[in-house]
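Reading through the structure tokens given below for one structure.
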């Protein structure tokens, strides 16, 4: 069965810390995505990648960076965490862009 | 801003009743998808309907698309307590290169 795995379900960090969120998929998908989800705002796209070492900014990239060194792994990096980055972070992957995304279980990040 | 907007924001029904959720969007689309999210988890893809399709079925799910009204509806028939979740529509804009955009979701509660 298809699987997207996010490294942590819950994470608590302090303001100013560097935070790494890891996502691994086992479906050999080219396309991977990072979203954040906040109540009432739906899912907002942070970054996506359509190939190894390729990345594109989404709607809200400020304060974030990403890394895709291997096809199966897409990392989201918060260079200096701030309280307004407290959110649920969702990773997704798909073979065909904009069709049937497979999501991980999410990481609830709290920045104190 | 969000491309898709779900209505209602919350819906509470009894087991066995039908649940109808609506999604409206602003610009032309290539496809529209519905996803389900159980509390605190990732999203699961339910159904995709293309712009040239008007209706699609999958088990107890029925999705309609009216491109002239820029709207879609998701009908869950004979609902079960296990259908309790949030439901999101996502649209792929017709302009090439634009990514999938999610609405704010409808929270469905099915009471046993």
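Values quoted throughout were computed directly from the atomic coordinates according to the rules given, and no laboratory measurement underlies them. The shown structure was predicted, so the numbers you read here are calculated from the model rather than taken from an experiment. Cβ: placed from backbone, ideal geometry, glycine included. Neighbour counts: every protein chain shown.
Figures for the structure shown
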| read-out | value |
| --- | --- |
| Count of the range A:24-56 residues which are over 26 Å from residue B:106 (Cα atoms) and more than 11 Å from chain B (Cβ to nearest Cβ) | 13 |
| Within the range A:62-83, considering residues that are free of Cβ contacts under 8 Å to residues at least 40 places away in the same chain and within 26 Å of residue A:28 (Cβ to Cβ), the one surrounded by the most Cβ atoms within 10 Å (Cβ to Cβ) | A:66 |
| Residue within the range B:10-21 that is within 12 Å of the chain's Cα centre (by Cα), in contact (Cβ under 8 Å) with a residue 60 or more places away in the chain and more than 29 Å from residue B:95 (Cα to Cα) present | yes |
| Matching residues, the range B:1-20, being at negative phi and more than 14 Å from every other protein chain (Cβ to nearest Cβ) | B:11, B:12, B:13, B:14, B:15, B:17, B:18, B:19, B:20 |
| Failed condition for residue B:36, given (1) under 16 Å from residue B:85 (Cβ atoms); (2) free of Cβ contacts under 8 Å to residues at least 40 places away in the same chain; (3) surrounded by 18 or more Cβ atoms within 10 Å (Cβ to Cβ) | (2) |
| Unmet criterion (only one of (1) free of Cβ contacts under 8 Å to residues at least 12 places away in the same chain; (2) surrounded by fewer than 16 Cβ atoms within 10 Å (Cβ to Cβ); (3) facing chain B (nearest Cβ under 9 Å)) for residue A:98 | (2) |
| Total residues in the range B:35-72, condition within 11 Å of chain A (Cβ to nearest Cβ) and in a strand (DSSP E or B) | 10 |
